[in-house]
Amino acid sequence: MTQASPAKNTDDTPTVDMKDIVALCKRRGFIFQASEIYGGLNGFWDYGPLGVELKNNIRDLWWKAMVTTPPIGPDGEPLQIVGLDSSIIQNPKTWVASGHVGGFSDPMVDCRQTKRRYRADHINILQPKDGEGHWLAVPQDDDEGISEKRLKKFGKGKSIGAFEATPLPEVNTSDYDKIIGPDASEPGTLTEPKEFNLMFETYVGATQSEDSKAYLRPETAQGIFLNYKNVLDSSRVRIPFGIAQIGKAYRNEVNPRNFVFRSREFEQMEMEWFCHPDDAKQWREFWIAERKRWWESIGIKSESMILREHDRDELSHYAKEGEGTLDIEYQFPFTYPGFGELEGIAHRCDYDLTQHQEHSGTKMQYIDPDDNQNRYIPHVIEPASGLTRAVLTVLCEAYTVDPDRPSGMYLNFKPSVAPKKAAILPLVAKDGMPELATKLYMDLREDMAVDLDIKQNIGKRYARQDEIGTPFCITIDSDTLQDQTVTIRHRNTMEQERISIDKVKEYLTEQLGQMA
RNA sequence: GCGGGUGUAGCUUAGUGGUAAAGCCCUAGCCUUCCAAGCUAGUUAUGUGGGUUCGAUUCCCAUCACCCGCUCCA
């Protein structure tokens, strides 16, 4: 069967409009706005009957590719990867050690005049020692001599020696009206520092106090690092090995945007690959190739993705010393003609294990079973992607406009991710056709997710199945009553073929296997 | 977080300072022999909260949500 693929435009208009995808998701029960009847909640989404099937299918394929049947390694042996399901809430010290508590609460100030935003702890305030004149906000890290230029303009002839420098966070907010912002031309334009704590806070126990404060995990990775020793001591794995986890994570995003692409509650699929520091570079390359292949296996076309190395200055705190981070990016309709992040493959070095060793006092070093003098803290290669982001990607990729069919479009899902593999449709609801269809349905449903639909005319039912991306429709008609044959309709081509009713299961199993 | 835009049924659109209209969809029944046909009946809406007014979906204010741009994205 030929795969219809939408031709990518060469101009800057994507072939699919996000509005249509969002509307389809709501109409057919893939994704709803969370708490919609109360007006919704910015950054939260619910997965409907078909959405949860799609999400579970993608989740299961990831788990199978990582844990159940991990890839074959460079030495020809299967890799060792074990699963984990850690708690969303952990001891809050976890997030101090990981750097999230310190790094996620940078106070920011906005300038009302220039609309620019600054980190408060990166700004110094030059305060005239004689108390006369304006206070000047300048960058702390002032390589370009900005302070001098600002002084010349607003310092009323005073030299730098006539000022005292104070970090902005130490300045009383009641004095903000005297301050001229770093790029402003008049005083009093800076807002009070706002805390941008991107972790959701909660309280453990029935009484709320600072002592009982805890956090919803902003990444699943830390649960893996916390259990690194437990896994090592209980499951006979040896370096190199991986621990994989799928689960919810929470980030209080400043600005959720683009449907489920950036939401405040989302689901991650992360695997931490523990290896010898000398092998980290090689394993990073291995996982980049492996992960790209996986995305292709669930139906994402190679030409819709790019691999992008992070620039030095966008590297995370944990990746600074290593081989860096590479993103696999997808050409979403809302990033077109640009790309948006699908998965990051990061070299986290020994940052996390070292941090937890220091903060917890628990030794995290690995002792080579063949040479107990060879002790080291493993380096980590982390392929981390968003499951909910994967759902969006698969939807965007599958959405295919086709004006020549009643629905005007169809979802070109790979059968492995499709919520329904086949639909069984009696041509009309009489002459014993519904009974035959029900019998076939009862047989098939033991082996695959199938739909039985008897209502309305056949065209509407085909259209409905096209909209939810069902690869095959099996139709019972009057010939079936005579010769026990049914028609199989192929979603992408709308072509039909006739086969014996008792060959249907065999046929579908073979076809679905081939197309998976 | 800033600026701009939008908000009437699941969707697309009417309309009005005084009972909110239609088509499609959906549900039930009839009909229907291969791609959203037809008939009958039915469900469903002025995002939320204030204010002005005898009366607000309409005018005003606030708020929420969504979209676009900027910002942010550990």
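Here, each number is a calculation from the coordinates, and none is a lab measurement. Remember, predicted model here, so these are calculated numbers, not experimental data. Don't worry about glycine lacking a Cβ; one is built from the backbone with ideal geometry, like all the others, and counts go over all protein chains shown.
With +1 assigned to the C-beta of every Lys and Arg and -1 to the C-beta of every Asp and Glu, and no other charges, what is the dipole magnitude of chain A about the Cα centre in debye, to the nearest 20?
Numbers: 62 positive and 82 negative charges, 240 e Å.
Value, rounded to 20: 1160 debye.
For the range A:224-234, what does the Karplus curve 6.51 cos²θ - 1.76 cosθ + 1.60, with θ = phi - 60°, yield as ³J(HN,Hα) per residue in whole Hz, taken in order and with x for Gly and Pro?
Here the 3J(HN,Hα) series is 5, 5, 5, 9, 3, 5, 4, 5, 4, 7, 10 Hz.
Using a basic spin-label model with each label point 7 Å from the Cα along Cα→Cβ, how many nm lie between residue A:69 and residue A:430?
4.9
What's the extension gain from residue A:367 to residue A:175 if we count 0.36 nm per residue and subtract their Cα-Cα distance? Write out the running numbers ahead of the final one.
Working: separation 192, 0.36 × 192 = 69.12 nm, distance 5.74 nm.
That pair, residue A:367 and residue A:175, stretches by 63.4 nm at full extension.
Can you work out ³J(HN,Hα) from phi for every residue in the range A:373-381, in order, using Karplus 6.51 cos²θ - 1.76 cosθ + 1.60 and θ = phi - 60°, giving whole Hz and x for Gly and Pro?
Couplings: 7, 8, 10, 7, 8, x, 8, 10, 9 Hz.
Once fully extended, how much extra length lies between residue A:37 and residue A:302, figured as 0.36 nm per residue of separation less the alpha-carbon to alpha-carbon distance?
On the way: separation 265, 0.36 × 265 = 95.40 nm, distance 3.97 nm.
Roughly 91.4 nm would be gained on extension.
Name the residue farthest towards the positive end of the dipole of chain A from the options A:176, A:91, A:452, assuming +1 on Cβ of Lys and Arg, -1 on Cβ of Asp and Glu, about the Cα centre.
Among A:176, A:91, A:452, the one farthest towards the positive end of the dipole of chain A is A:452.
Return the lysines within reach of residue A:420: Cα separation strictly under 22 angstrom, same-chain partners fewer than 8 residues apart disregarded; answer none if there are no such residues.
Within reach: A:26, A:55, A:64, A:301, A:439, A:455, A:460, A:503, A:505.
Are there GluC sites (Glu not before Pro) in the range A:480-510 that DSSP puts in a loop and that have at most 14 other Cβ atoms within 10 Å, and which ones?
On the way: sites: A:495, A:497, A:506, A:510; in loops: A:495.
Passing sites in the range A:480-510 are A:495.
Work out the FRET efficiency for residue A:442 and residue A:20 from their Cβ-Cβ distance, taking R0 = 41 Å, and round it to the nearest 0.05.
It comes to 0.70.
Amide H of residue A:469: which non-local residues (sequence gap of 5 or more, or other chain) have their own amide H closer than 5 Å, using H built in the peptide plane?
Amide H neighbours of residue A:469: A:411.
Tell me which residues come under 5 Å, amide H to amide H, from residue A:342 once H is placed; ignore anything under 5 positions away on its chain.
A:328, A:329, A:330
Checking the cross-link filter: which lysines have an alpha carbon closer than 25 Å to that of residue A:93, excluding same-chain neighbours under 8 positions apart?
Of all the lysines, those that pass the test against residue A:93 - Cα under 25 Å, at least 8 places apart if same chain - are A:194, A:213, A:229, A:248, A:320, A:363.
Over chain A, what is the mean sequence separation of C-alpha contacts under 8 Å (at least six apart), divided by residue count, expressed as relative contact order in percent?
Working: 940 pairs, mean separation 69.1, N = 516.
Reported as a whole number, the value is 13 percent.
Going 7 Å from the Cα of residue A:77 along its beta-carbon direction, which residues of the range A:256-300 have the amide nitrogen within less than 19 Å of the resulting point?
Residues A:273-280, A:282-284, A:286-287 fall inside that zone.
If eta is 1.567 mPa s and T is 4 °C, what Stokes-Einstein diffusion coefficient results for chain A, Kirkwood Rh from Cα pairs, in µm²/s? Each step should come with its number before you reach the end.
Details: Rh = 26.9 Å.
For these conditions, the coefficient is 48 µm²/s.
With r as the distance between the Cβ atoms of residue A:252 and residue A:402 and R0 = 56 Å, compute the FRET efficiency 1/(1 + (r/R0)^6) and round to 0.05.
With a Förster radius of 56 Å, E is 0.85.
Tell me what chain A gives for mean residue ellipticity at 222 nm when only DSSP H runs of n ≥ 4 count, each as -39,500 (n - 2.57), the sum divided by the residue total, rounded to 500 deg cm²/dmol. Intermediate results must be reported in sequence, preceding the final value.
Working: 14 runs with 138 residues, N = 516.
The helix-only estimate for chain A comes to -8000 deg cm²/dmol at 222 nm.
Can you tell me the FRET efficiency between residue A:130 and residue A:335 if r is taken as the Cβ-Cβ distance and R0 is 60 Å, rounded to the nearest 0.05?
Values: r = 53 Å, r/R0 = 0.89.
Once the sixth-power term is evaluated, E becomes 0.65.
I need the trypsin sites (Lys or Arg not before Pro) found in the range A:422-482, filtered to DSSP loop residues with at most 14 other beta carbons within 10 Å of theirs.
A:430, A:445, A:455
Hey, what does the equivalent ellipsoid look like for the range A:404-515, semi-axes from the Cα gyration tensor as sqrt of 5 times each eigenvalue, largest first, whole Å?
Its equivalent ellipsoid spans semi-axes of 20, 17, 12 Å.
Want the number for residue A:509 to residue A:285: 0.36 nm per residue separation, take away the alpha-carbon distance, what's left? Kindly include the intermediate steps, with their values, before the conclusion.
Details: separation 224, 0.36 × 224 = 80.64 nm, distance 3.52 nm.
Result: 77.1 nm gained on full extension.
What is the spin-label model distance, in nm, from residue A:206 to residue A:185 if the labels are put 7 Å beyond Cα along the C-beta direction?
That separation, rounded to one decimal, is 6.2 nm.
Tell me, what HN-Hα J-couplings in whole Hz come from the Karplus equation 6.51 cos²θ - 1.76 cosθ + 1.60 at θ = phi - 60° for each residue of the range A:240-249, using x for Gly and Pro?
My calculation for the range A:240-249 gives x, 8, x, 10, 10, 8, 10, x, 6, 9 Hz in order.
Can you list residues whose amide H is under 5 Å from residue A:200's amide H, if they're 5+ apart or on another chain and H is modeled 1.01 Å from N?
So residue A:200 has HN proximity to A:216, A:252.
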